[in-house]
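Values in this text are rule-based calculations from the coordinates and carry no lab data. Computed from a predicted model, the values in this text were never measured in an experiment. Note that we place each Cβ from the backbone using ideal geometry, even for glycine, and neighbour counts take in every protein chain shown.
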Amino acid sequence: MSLHAERGAMIADDVRALGPGPLTVVEGTPVTPDTVPDPGRAVWLMPSPELQRRRLAERGLPEGVHTLYTLLLADLAARIQAHGLAGRVVTVTPDATPADTRTAAEALLAGPLAEGPTATTPDERRTLRRAENEAVATQYRTYLARPWTTGDPDTVPVTFSCECADPECTAQLTRPLGTFPPAGGGALRCH
């Protein structure tokens, strides 16, 4: 699991390089209390044991991979406990909806979310969505540029977020990577 620890440090370096804004969500088991500079700005979403067992079983993973995922989650839980951060955990149960999970996480992050920075104008929201979509496109293009990958960077389907700037919009659109950004630089709209 040493590579796992190294990945956590690399993620922390990447987040520091982003600067003070926008607010950033970082996820994954490499994100441990050891990699978070301010635990008051962190929340860990942890599946209940029942949910973890069910999801791992649904994936039909080989025994070794199943064991690795189980150990990684147990290690993360132990680190959170050792740092006294059990109060920063949202336990996701089989009956929890995405809205339930979001509400619980938002409650724990109320202070940092209120501090911002936040995008309050349509132009600011559109700029953030475009940056999000550009990051997704860059990830695909970087991956597809590797000699061992398959896929055509012009035609591979990629899911992008709507850039309409409506603060309530969560619409997404899947389109060929080669069509992003839209011709003429206009906003990518789903509706």
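Here is how the numbers come out for the structure above:
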{"read-out": "Compactness of segment 1-58, expressed as Rg and Dmax over alpha-carbon positions, Å", "value": "13.6, 40"}
{"read-out": "Helix 122-144 vs. the chain, principal-axis angle (Cα, 0 to 90°, nearest 10)", "value": "80"}
{"read-out": "Exposure proxy order (Cβ contacts within 10 Å, fewest to most) of VAL15, VAL158", "value": "VAL15, VAL158"}
{"read-out": "Residues of segment 63-103 with amide N under 20 Å of a point placed 7 Å along Cα→Cβ from ARG53", "value": "63-78, 91-96"}
{"read-out": "Counting DSSP beta bridges with both ends in the chain, the antiparallel % (nearest 5)", "value": "55"}
{"read-out": "Over the chain: Kirkwood hydrodynamic radius from C-alpha pairwise inverse distances, Å", "value": "19.2"}
{"read-out": "Relative exposure of ASP38, ASP13, judged by other C-beta atoms within 10 Å (fewest first)", "value": "ASP38, ASP13"}
{"read-out": "Using a Förster distance of 41 Å, the FRET efficiency for THR93-ASP154 (Cβ separation, nearest 0.05)", "value": "0.45"}
{"read-out": "Listed residues THR118, THR24, THR101, most fluctuating in the chain (Gaussian network, C-alpha, under 10 Å)", "value": "THR24"}
{"read-out": "Per-residue Cβ neighbour rank within 10 angstrom, fewest leading, ILE11, ILE80", "value": "ILE11, ILE80"}
